Amino acid sequence: MDIQHLQGLLAEAKTLLDSYESTQTDTFRVQAQEKATQVARALERPKDAILKLSFSPVIVMAVKTADDMNVFPVLAQATAPVPLAELAAAKPADPLLVERIMRVLVANGFAEEPAPSEYLPTALSREMTQRTSIGAVGSLFHEFLPSIQKVPEYLQSTNYRNPDDPMLAPLQYTHNLKVDGFTWLCQNPEALTRFNNFMEGQRADRPHWGDWFPVREQLLDHPDMTAETPLLVDLGAGRGHDLIGFRKRFPDAPGKLILEDLSSVIDEVRGAQDLEAASIDAVAHDFFAEVQPVQGARAYYFKNVLHDWSDEKATIIFNHLKPAMKRGFSKVIMEEYIIPDQNARSLPCMTDIAVMVFCSGLERTQQRWSNLLTSVGLRVIKFWVREGDGLGIIEAELA
Ligand SMILES: C[S@@+](CC[C@H](N)C(=O)[O-])C[C@H]1O[C@@H](n2cnc3c(N)ncnc32)[C@H](O)[C@@H]1O
């Protein structure tokens, strides 16, 4: 182990931490955290690192099991160390089993153990009382992990072709499915709830695009905008949280807000009080089957939608959208990861593989976004990269 190298990394981490302290920007927080991870990695023997990595599904299992045994709500409320017997009584579960699970949790930051078999909460144990984080663990554990395990076998069977057909993704291979992932979720109410909670959490921790994208300059301030003009059409909008967030931030913006999704989703959200309160119209639209019904909107917005689809499928989506766009006025706003060409961060890379497993989707680099949009007759106006490690925005118009 090269101690000089380690000391250098540690000094760099300290400098980044100081910068974070003085600027409070997400960029320095993320960089300091990455540098600290490099320090921890350099301190570990490679053999141990590989052993821990190979055992790491055990950690997810332990967190999921602790959630099933109601450990986290009991821990989160504690003001004094909670004895093992009290944690075990929460289900109830065998104290020896809870003790073994708790050892894994303590070793991975999900609890503290100030005295033998007595536990205190940490930020991670408190986070595991949130519906959205429970949904993330549950959805990944039940809906994604079995297919992730099958990926090597699946890829062997396809001679290592990059997956691009949503009907033939690792998910279909694993469960012998004849439907796409979204239809499969809709057929499994518990899985759908887990997934929706997971998706909701992914958004909740990140700033709304209206907080950092110059909405007024790029969208609102245009002489052709009137109260009757469709301002924003959200395609594949889900429950409409992004539109509701938009209305909150721009209550006086002229123009209509329109939520579009598959008819099964629209049936669920139609009449929802929060949508009506925000004057959001819900329209059933299958972007593979039909041409866009809302003509001449100022912006057609996709968030976390295009990463679900290969270039071939995305081309169909854009070909169905373009006839509705007004040249020189309508824009396409895509809120997605823009993967850097080099040294991409862990979360976008893992999301890339998760969408591959679920629907043969992919996260795209700037170059891949440019190639795709140019090939369908759109022109990139600008790539907007937010500070920190979140999603960016690709702003485009008819070429
Ligand atoms: C990953 S979710 C993103 C939801 C939302 N935009 C967000 O960021 O939370 C993808 C959405 O696309 C919708 N979707 C899938 N296939 C669709 C289709 N053919 N036409 C329209 N929407 C579709 C799904 O129902 C789902 O709401």
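The values are calculated or read from the model by the stated rules, or taken from the named source; none is laboratory data. Nothing here was measured: the structure is a model prediction, and the numbers come from that model. Every residue, glycine as well, gets a Cβ built from its backbone with ideal geometry; the counts of neighbours run over all protein chains shown. Remember, those area values only see protein heavy atoms, side chains included, never the ligands or the DNA or RNA. Shrake-Rupley method; radii C 1.70, N 1.55, O 1.52, S 1.80 Å.
Test of understanding: given the chain, find the longest segment containing no trypsin sites (Lys or Arg not before Pro) that are in a DSSP loop and have at most 15 other Cβ atoms within 10 Å. Can you show the working numbers first?
On the way: sites that count: Arg161, Lys178, Arg270, Lys326, Arg327, Arg345.
No qualifying site falls inside 1-160, the longest such stretch.
Taken over the alpha carbons of region 20-82 as equal point scatterers, the Debye sum produces base-10 log I(q)/I(0) values at 0.13, 0.21 Å⁻¹ of -0.70, -0.89. Once Rh for region 17-144 is found with the Kirkwood sum over Cα pairs, what is the Stokes-Einstein diffusion coefficient at 25 °C and 0.890 mPa s, in µm²/s? Estimated diffusion coefficient is 151 µm²/s.
Compute the whole-percent fraction of alpha carbon pairs in region 358-399 spaced more than 12 Å apart. Distances greater than 12 Å cover 64 percent of the Cα pairs. For Ala282, the residues 5 or more places off, or on other chains, whose built amide H falls under 5 Å of its own are Leu259.
Using the Cα atoms of region 1-41 to build a convex hull, what is its mean projected area in square nanometres? Don't jump to the answer; show the numbers that get you there.
Numbers: hull surface 9.7 nm².
The Cα convex hull of region 1-41, projected and averaged over all directions, gives 2.4 nm².
For region 260-399, the per residue solvent-accessible surface stands at 43 Å², with DNA, RNA and ligands left out and a 1.4 Å probe. Quick one: helix 145-157 against the long Cα principal axis of the chain, what's the angle to the nearest 10°, folded into 0 to 90? With both axes taken from Cα atoms, the answer is about 70 degrees.
Magnitude of the Cβ-charge dipole of region 150-220, K/R +1 and D/E -1, about the Cα centre, nearest 20 debye? Before the final figure, lay out each step's value.
Values: 7 positive and 9 negative charges, 17 e Å.
Computed about the Cα centre, the dipole is about 80 debye.
For the chain, what Kirkwood radius comes out of the mean inverse Cα-Cα distance, in Å? It works out to 23.6 Å. Once the C-beta distance of Ala227 and Asp68 is scaled by a Förster radius of 51 Å, the resulting FRET efficiency is 0.50 to the nearest 0.05. Here the ratio of the Cα radius of gyration of region 230-282 to 2.2 N^0.38 Å is 1.02. Diagonalising the gyration tensor over the Cα atoms of region 322-397 and scaling each eigenvalue by 5 before taking the square root yields semi-axes of 24, 14, 10 Å, largest first.
For the chain, what is the charge dipole size about the Cα centre, in debye to the nearest 20, if Lys and Arg each add +1 at the Cβ and Asp and Glu each add -1 at the Cβ?
460 debye
3J(HN,Hα) along region 102-111: 5, 4, 5, 5, 5, 5, 10, x, 8, 6 Hz, from the Karplus curve 6.51 cos²θ - 1.76 cosθ + 1.60 with θ = phi - 60°, whole Hz, x for Gly and Pro. Comparing Leu185, Leu84, Leu262 in a Gaussian network model of the chain (Cα springs below 10 Å), the most mobile by mean-square fluctuation is Leu84.
For region 151-256, the carbon plus sulfur part of the accessible surface works out to 51%, probe radius 1.4 Å. Placing unit charges on each Cβ (+1 for Lys and Arg, -1 for Asp and Glu) gives the chain a dipole about its Cα centre, and among Trp184, Pro114, Thr158 the Cα reaching farthest toward its positive end belongs to Thr158. Computed extension gain for Ala191 through Glu99, at 0.36 nm per residue and net of the alpha carbon distance, reaches 30.2 nm.
Roll a 1.4 angstrom probe over the protein heavy atoms and tell me the percent of accessible area of region 11-70 that is carbon or sulfur. If you can, show how the numbers build up before the last one.
Working: 2500 of 4000 Å².
Here carbon and sulfur together make up 62 percent of the probe-accessible area.
Computed over the alpha-carbon pairs of region 88-143, the distance histogram in 10 Å steps reads 21, 47, 30, 2 percent, short to long.
Full extension of the chain between Thr15 and Gln130 gives 38.1 nm of extra length, using 0.36 nm per residue less the Cα-Cα distance. Computed 3J(HN,Hα) for region 328-333, one whole-Hz value per residue from the Karplus formula 6.51 cos²θ - 1.76 cosθ + 1.60 where θ = phi - 60°, is x, 10, 6, 10, 10, 10, glycine and proline marked x. Computed over the alpha carbons of region 206-314, Rg followed by Dmax gives 13.7, 39 Å.
Suppose all protein chains stay in the model; what accessible area per residue would a 1.4 Å probe give for region 135-187, in Å²?
Details: 2930 Å² over 53 residues.
It amounts to 55 Å² per residue over region 135-187.
The rule of thumb for compact globular proteins, 2.2 N^0.38 Å, goes into the C-alpha radius of gyration of region 77-186 1.50 times.
With only Cα atoms counted, region 253-301 has Rg and Dmax values of 11.3, 31 Å. Computed from the C-alpha gyration tensor, the three semi-axes of the ellipsoid equivalent to region 270-394 are 25, 18, 15 Å, from longest to shortest. Each of Ile50 and Leu155 was given a label point 7 Å from its Cα along the Cα-to-Cβ line. The distance between the two points is 1.8 nm.
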